[in-house]
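One structure is given here, and the rest of the page talks about it.
Bear in mind these aren't lab numbers, they're just calculated from the coordinates by the rules spelled out. Keep in mind that what you see is a predicted model, and the values were worked out from it rather than measured. Quick reminder, even Gly has a Cβ in these numbers, built from the backbone with ideal geometry, and neighbours come from all protein chains shown.
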Number of protein chains: 2
Amino acid sequence: MLYRRIAADLKRGVATGEFGERSRFPSENELAARYGASRGTIRRAFAMLREEGVLASRQGARRVVVGSQVQDFTELRSFSAWARSTGSTPDARLVGFERRPALADEAAALDVAKGDPVWLMTRVRLLDGRAVMVERTAFPDGIGSLLTDDDARAGSVTTILESRGITFDRAEHALSAMAATAADARLLGVRPGRPLLRTVRRTTDPSGAAVEYSDDRYLGDVVSFSVVNSVSANPLSRRTH
Amino acid sequence: MLYRRIAADLKRGVATGEFGERSRFPSENELAARYGASRGTIRRAFAMLREEGVLASRQGARRVVVGSQVQDFTELRSFSAWARSTGSTPDARLVGFERRPALADEAAALDVAKGDPVWLMTRVRLLDGRAVMVERTAFPDGIGSLLTDDDARAGSVTTILESRGITFDRAEHALSAMAATAADARLLGVRPGRPLLRTVRRTTDPSGAAVEYSDDRYLGDVVSFSVVNSVSANPLSRRTH
DNA sequence: GAGTGGTCTAGACCACTTG
DNA sequence: AAGTGGTCTAGACCACTCT
C-alpha cells in the first residue's frame, strides 16, 4: 500500500502546484530516500501517475508534469459523485423501475439468457435543477433486487450498491453522437433531433461479472468526455457502426 | 525489451483464441519458467495487458481474459491507419492548407503566442468513398513547414510526419456532441443541425511539446469511440462545458 | 562523466482464493 | 494447506540526457 500513499502524495503535490505543469520532477533516487522506500516502489507510484496522464518520462531525463486534472473512477460512473465534485447539485427523477425479460442486447451485455429477468431503471438526471441526461440502466436480477423504488429515486444508486457489497472494478464506455428520439426529447424538454452525446457503458466487478449496463444520453452542449492516451497506455478505440 | 515481447506474445495468444475470453490465464510462475524470465518481468508484461483492458486480476485467483479487441495507438490518431485496419478504404479531400496567425485556442493548445504563425489544414475524410468526417488540424510552424500541399492531399499526414522524425507519444481527446454548422454540413453533404461526434485532440511528443491540435467532426451514426476504464487505470474523465 | 530513467533478477513476506 | 497474486527490497547493468 506504500506506493499508493506515495502516488497520492505526489498527485497532491501536482494539484497544489508544488510541482508545476512542465516542471521537472524529483528523481527516483531522491524520492526513494525521502520516503524511505526502494526505487521499485517509487517507480510503481510513478506508473500510476503515468497511467492517469499526470507525468511523462523519457529515458535519461527527469520526469515532467504534463497534466494535472485527474478524475476518480467513481466520479466517472456515478453522475452524483461527479456532479458534486464539480460543485453542482445533482438530482434524479425516476421515470420507471421494473423487472422484465431481458432484450437481446441487455442479455448479451449482462451475460444472461435472452428473456431472463433483468431490472430496468429509467431516470432523468438533473444538474442544478436542469435536465441534462436520460439514463437507462439494466441490472442483473441479483443486483436489481437489492434496490427498492426509493433507492432508485435517491440520487446515487452506485453508492447504495457499493454499501451493499457490490464492487465496481472496470467499465467499457462506447461514446457516440445521436439525434434525440421523441422519448428522449420529451424527457429532456428539448426538440426531437437535438444532438445528444450517447455513452453505452458496461461495468464489471473484479471477477469480470457484469453488474450494470447503461445507455446514457447527454445534451450535447452540456458535457464532454476526455481521454488521455499514450503509446504505452492506450485504452481508447474507435469503431464503425 | 523482454517484457514487451512477452506481452505481445500473450496478446497474440488472446487474439488467436489460445486463451479464450473468460478463461483462466497461466500463473506468473508458470510463465516465468516458460519464458525463462523472472516473475517481475512477467508482471511487467501483465501490467501492459491490464492497461489495455485485456486481463483482469484478483489477489489469490488466476487472471481472467476480459477483452480481446485492442487498438494500436497509431490507429487512434491516424484516420488512414484506422480505416485500413477495419478493411475500409480511407481517402482525403483537401479543403485548405495555409499558414496564418494563431487564434487564441490554437495558440494555447500549441504553446505558442497568440498571433504566432501556425499551419491550418482542413480536410474532408472519406470512408469507402463516403464523406464521414471534417478534420481541422493546426500544426506549430516548425512542423507544418515540413508538409507540402501534396502531402496534405495524400492520405496520412501522420505517417509522413513520422517518416520525417516527428514522434507522437501522447494525446488528449475531448469528445462531445454538436449540431453540424453550415460549413460542416456543406462539406459533409448533410443538413445543418445534424448530430456530429466532435473530438478535439491535442497530441504531444515524448518531451511534452505539442505537435498537433485537431478538431474532428464525425457523422454521428458512423463511428463510436470506446474506452476501457478501471479502478487502477483511469484515463477517461467528464467535464461540463 | 555524472545523473537519470529503463530493464531485469532473486528473494522475501503477506493476503486472498481454492480445493 | 497449497497455490496465486500483491507488495517491497537490494542490487545490477544499460541507454540516454544533460552540462
* To do: Step through the residues of region B:164-173 one at a time and calculate ³J(HN,Hα) from phi using the Karplus curve (6.51 cos²θ - 1.76 cosθ + 1.60, θ = phi - 60°), rounding each to whole Hz and writing x for Gly and Pro.
  => 9, x, 8, 10, 9, 10, 7, 9, 10, 10
* Asked: Tell me, what ³J(HN,Hα) does each residue in region A:205-214 have, in order and in whole Hz, if you take phi through Karplus 6.51 cos²θ - 1.76 cosθ + 1.60 with θ = phi - 60° and put x for Gly and Pro?
  -> 8, x, 8, x, 7, 5, 10, 7, 9, 9
* Structure fact -> Amide H contacts under 5 Å for B:Ala102, restricted to residues at least 5 apart in sequence or on another chain and with H modeled in the peptide plane, are B:Gly115, B:Asp116, B:Val118
* Simple Cβ-charge dipole of region B:89-240, Lys/Arg +1 and Asp/Glu -1, about Cα centre, in debye nearest 20 -> 620 debye
* Using the 7 Å Cα-to-Cβ label point, sort the distances from A:Asp205 to its equivalents in the other copies shortest first and give them in nm to one decimal. => 4.9
* **Percentage relative contact order, region B:59-217, counting C-alpha pairs under 8 Å, at least six apart** => 20 percent
* **Options A:Ala8, B:Val54, A:Ser80, ranked by Cα towards positive dipole end of the protein assembly as shown, top entry (Cβ charges)** => A:Ala8
* Asked: Gaussian network model of chain A, Cα springs within a sub-10 Å range: biggest mean-square fluctuation belongs to which of A:Ala15, A:Ala61, A:Ala209?
  -> A:Ala61
* For every helix of n ≥ 4 consecutive DSSP H residues, a contribution of -39,500 (n - 2.57) applies; sum these over the protein assembly as shown, divide by its total residues, and give [θ] at 222 nm rounded to the nearest 500 deg cm²/dmol. => -8500 deg cm²/dmol
* Asked: Computed from the mean reciprocal separation of all distinct C-alpha pairs, what Kirkwood hydrodynamic radius does the protein assembly as shown have, in Å?
  -> 24.0 Å
* Asked: GNM, chain A, Cα, under 10 Å: largest mean-square fluctuation among A:Ala37, A:Ala185, A:Ala174?
  -> A:Ala37
* Asked: Once a ≥ b ≥ c are taken as the square roots of the eigenvalues of the Cα gyration tensor of chain A, is the result rounded (a/c under 1.5), prolate (a/b larger than b/c) or oblate (a/b not larger than b/c)?
  -> prolate
* Long-range HN-HN contacts of B:Val54 with modeled amide H, under 5 Å -> none
* Asked: Based on the inverse mean of 1/r over its pairs of different Cα atoms, what is the Kirkwood hydrodynamic radius of region A:115-225, in Å?
  -> 14.9 Å
* Asked: Along its principal axes, what span do the Cα atoms of region A:2-67 show, with the longest given first and each in whole Å?
  -> 26, 26, 20
* Structure fact -> Listed residues A:Gly40, A:Gly129, A:Gly155; largest mean-square fluctuation, Gaussian network over chain A with Cα springs below 10 Å, found at A:Gly40
* Sorted by Cβ neighbour density within 10 Å, fewest at the top, the residues B:Thr203, B:Thr16 -> B:Thr16, B:Thr203
* So if we plug the beta-carbon distance of B:Met1 and B:Asp149 into 1/(1 + (r/R0)^6) with R0 = 41 Å, what FRET efficiency do we get, rounded to 0.05? -> 0.55
* How long are the three semi-axes of the equivalent ellipsoid of region A:127-170, in whole Å, if each is the root of 5 times an eigenvalue of the C-alpha gyration tensor, listed from largest down? -> 21, 12, 11
* Asked: Taking a label point 7 Å from Cα toward Cβ, how far is A:Gly36 from its twins in the other copies, in nm, shortest first?
  -> 4.2
* Label geometry 7 Å along the beta-carbon vector: A:Gly20 inter-copy distances in nm -> 5.8
* Asked: Once a ≥ b ≥ c are taken as the square roots of the eigenvalues of the Cα gyration tensor of region B:73-130, is the result rounded (a/c under 1.5), prolate (a/b larger than b/c) or oblate (a/b not larger than b/c)?
  -> oblate
